[in-house]
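Chemist: Before I ask anything, let me first share the structure, which is written out below as structure tokens.
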Amino acid sequence: MVNAIRGLYISCDIPMAQFIINMNAALPQADKFIIQVLDNTHLFVRSDVAGMIRSAIASFREQNTYEKPS
């Protein structure tokens, strides 16, 4: 019997993958969204969390953007 799970395949660089893994680790067990870490740059996650991951990444990038002092 085949057991299939619907999910989202994420391909990214190593620092962004670590950010997503750490974001997942900070959640309670019931809310964890990573199904499988495939390798250093590829993750398989639940498909219903795509928006949450995108917004967390956008927020992270906003916080780490250099703005030249005026």
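The values are calculated or read from the model by the stated rules, or taken from the named source; none is laboratory data. Here the structure is a predicted model, which means the values were calculated and not measured. Cβ: placed from backbone, ideal geometry, glycine included. Neighbour counts: every protein chain shown. The protein model used for the area step is the full one, side chains on, heavy atoms only, and it has no ligands, DNA or RNA in it. Shrake-Rupley method; radii C 1.70, N 1.55, O 1.52, S 1.80 Å.
Chemist: Find all pairs meeting these conditions: Cβ atoms under 9 angstrom apart; at least six residues apart or on different chains; first residue within region 1-14 and more than 18 Å from Arg54 (Cα to Cα); second residue assigned to a strand (DSSP E or B) and open to solvent by less than 90 Å² (accessible area, probe 1.4 Å).
Modeler: Going by the 9 Å Cβ cut-off, the qualifying pairs are Ile5/Ile35; Ile5/Phe44; Ile5/Arg46; Arg6/Arg46.
Chemist: I'd like to check something: does region 30-37 contain any residue that is small (Gly, Ala, Ser), more than 13 Å from Leu8 (Cα to Cα) and over 10 Å from the mean Cα position of the chain (by Cα)? Steps first, answer last, please.
Modeler: Taking region 30-37 as the starting set, the residues that turn out to be small (Gly, Ala, Ser) are 30.
Checking the rest, the ones that are also more than 13 Å from Leu8 (Cα to Cα) come to 30.
Filter once more, keeping what is over 10 Å from the mean Cα position of the chain (by Cα): 30.
Yes: region 30-37 contains one or more residues that are small (Gly, Ala, Ser), more than 13 Å from Leu8 (Cα to Cα) and over 10 Å from the mean Cα position of the chain (by Cα).
Chemist: Is there a residue being in contact (Cβ under 8 Å) with a residue 12 or more places away in the chain, on the phi < 0 side of the Ramachandran plot and among the charged types (D, E, K, R) anywhere in region 34-46?
Modeler: Among the residues of region 34-46, at least one is in contact (Cβ under 8 Å) with a residue 12 or more places away in the chain, on the phi < 0 side of the Ramachandran plot and among the charged types (D, E, K, R), which makes the answer yes.
Chemist: So which residues in region 18-50 are part of a helix (DSSP H, G or I) and either more than 23 Å from Ala4 (Cβ to Cβ) or open to solvent by 70 Å² or more (accessible area, probe 1.4 Å) (or both)? Outline the logic, then answer.
Modeler: Residues of region 18-50 part of a helix (DSSP H, G or I): 18-25, 29-31, 47-50.
Hits for region 18-50 are Gln18, Phe19, Ile21, Asn22, Met23, Ala25, Gln29, Ala30, Asp31, Asp48.
Chemist: Right, something else. For Phe44, state whether it is at pLDDT 95 or above and touching a Lys or Arg at 6+ places or on another chain (Cβ under 7 Å). Spell out how you get there, then give the answer.
Modeler: On the way: at pLDDT 95 or above: yes; touching a Lys or Arg at 6+ places or on another chain (Cβ under 7 Å): no.
In short, no.
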